[in-house]
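Please read the structure below before turning to the comments.
The values are calculated or read from the model by the stated rules, or taken from the named source; none is laboratory data. Keep in mind the model is a prediction, meaning the values are calculated, not measured. Every residue, glycine as well, gets a Cβ built from its backbone with ideal geometry; the counts of neighbours run over all protein chains shown.
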Amino acid sequence: MVLRSFRFVDLETPVEHFHTWLTPVPHFFVRNHMHEPVELDAHEWRLSIGGEVKNPITLSLSDLSKFDTHSVVNTLECAGNGRGFYRPQVPGVQWGKGAVGTARFSGPRMRDVLERAGAKSSGKHVMFRGLDEVPGKVPPFIRSIPIEKALDDDTLIATHMNGSPLTKHHGFPARALAPGWVGAASCKWLAEIKLLESEFAGNFMNPGYRFPNHPVKPGESVKPEDMHPLTALNVKSVISGPGDGASLKLGKVAVYGVAWAGEANIAKVEISTDGGTSWNPAKLGHDQAHYAWRLWSYDWKPEQSGEYILMSRATDTHGRSQPAAAEWNPSGYLYNAIDQVKIDVA
Ligand code: MTE
């Protein structure tokens, strides 16, 4: 893993690991805004559900396990994935391509838990609070999602990842899972769920995790009312191999990678081996699920030695395609330019 920050652990997955549909947990990126909770005792842990509900409740892990379990294979991507490629540079963790991964998350549906507490119609937003150790005067990591997303069939209170209990890095003993949305919507070490009449007002909702309503020029200031909260992910693909800068012998080359599209599905992935002049379809992998990435591959046989720029471009079922350049924005979110690697064929 690439250590992007040590004070608050931020780990990036090297792209060469993206050759399996499910990302093994030890290779799944980690994004923390503050310290992970020091001690978390599964027996003592409780989840409270309150706010705009008829019967506020508190659940233990054993209570949660009595709800029906549902599984969702979800590609989780940090909103800041790719921030390091924006020019001019944007402050924040300089993620490359690997703040993304795919896992099978399991646990009760959030909807079932909210129903148990008797959600009132006045509850329009669902707030999550985690058990992060908040350093000094930093505002705590509290965010909310709209009730419609919280009630979706696939939104979970996940307790398991790839069939095993969540590890501490990924939110043990329970985390929210808002599939297809930016990772920040999926609060780890969940301790409190609160139904609110309006969006939670706090740093990580505003000004954090907001995107300009209209394209802005670098350096241009954007008024808060001209920004909206981030929700679903963009269409995007990444070339996992060959690696950028690889030297290969003349002969067959397997080009491969992953592509995802948030709440949409991948319609096609195209590959260019001539720097974007011509494009050919890649073969999509067999494994698929609504919110999960598709593996793709492309068999290529360069005819002569030399330097090549390989590119991948994904298109989704909503008709979106990766742009040549991502839309610059002040916080460097949702980077999704056509991916490229430069290789040398000897
Ligand atoms: N939840 C809490 N409590 N604290 C956090 O810092 N980071 C969020 C989200 N949930 C975070 C959190 C962000 S920005 C992302 S991208 C995902 O967790 C990352 O999940 P992972 O570390 O399991 O990959």
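Pairs under 9 Å by beta carbon, first residue over 19 Å from HIS318 (Cβ atoms) in segment 177-188, partner within 6 Å of the ligand (Cβ to nearest atom) and assigned to a strand (DSSP E or B), six or more apart or different chains?
LEU177/LEU76; GLY183/ARG31; GLY183/LEU76; ALA184/ARG31; SER186/LEU76; CYS187/GLY130; LYS188/GLY130
If I ask for residues that are more than 25 Å from VAL93 (Cα to Cα), surrounded by 13 or more Cβ atoms within 10 Å (Cβ to Cβ) and in contact with a strand residue (DSSP E or B) (Cβ under 7 Å, 6 or more places away or on another chain), which ones from segment 318-346 would you list?
SER321, ILE343, ASP344, VAL345
Just to be sure before I move on: is THR69 touching a strand residue (DSSP E or B) at 6+ places or on another chain (Cβ under 9 Å), within 16 Å of the ligand (Cβ to nearest atom) and farther than 20 Å from SER144 by Cβ in the structure I sent?
No: the conditions fail for THR69.
Return the total of residues in segment 118-130 being in contact with an Asp or Glu (Cβ under 9 Å, 6 or more places away or on another chain) and either within 15 Å of the ligand (Cβ to nearest atom) or not in a loop (DSSP other than H, G, I, E, B) (or both).
Of the residues in that region, 6 qualify.
So, PHE105, is that one closer than 26 Å to ASP10 by Cβ, in contact (Cβ under 8 Å) with a residue 24 or more places away in the chain and away from the ligand (no atom under 12 Å from the Cβ) or not?
Considered against the rule, which asks whether it is closer than 26 Å to ASP10 by Cβ, in contact (Cβ under 8 Å) with a residue 24 or more places away in the chain and away from the ligand (no atom under 12 Å from the Cβ), PHE105 comes out as no.
Looking only at segment 35-76, how many residues end up being within 18 Å of the chain's Cα centre (by Cα) and either aliphatic (A, V, I, L, M) or part of a loop (DSSP other than H, G, I, E, B) (or both)?
So the count comes out to 3.
Against the conditions (1) away from the ligand (no atom under 13 Å from the Cβ); (2) out of contact with any Ser or Thr (no Cβ under 9 Å at 6 or more places or on another chain); (3) modelled with pLDDT of 95 or more; (4) more than 17 Å from ASN234 (Cβ to Cβ), where does TRP189 fall short? Just the number, please.
(1)
So for segment 45-56 (the condition being at pLDDT 95 or above, out of contact with any strand residue (DSSP E or B) (no Cβ under 6 Å at 6 or more places or on another chain) and more than 15 Å from the ligand (Cβ to nearest atom)), does at least one residue qualify?
Within segment 45-56, one or more residues are at pLDDT 95 or above, out of contact with any strand residue (DSSP E or B) (no Cβ under 6 Å at 6 or more places or on another chain) and more than 15 Å from the ligand (Cβ to nearest atom).
Between a first residue in segment 37-52 that is on the phi > 0 side of the Ramachandran plot and a second residue that is outside any loop (DSSP other than H, G, I, E, B), which pairs have beta carbons less than 6 Å apart while being 6 or more apart in sequence or on different chains?
Pairs found: GLY51/LYS194; GLY51/LEU195; GLY51/LEU196.
Name every residue in segment 138-156 that is closer than 19 Å to THR75 by Cα and within 13 Å of the ligand (Cβ to nearest atom), in order of residue number.
Hit for segment 138-156 is ILE145, nothing else.
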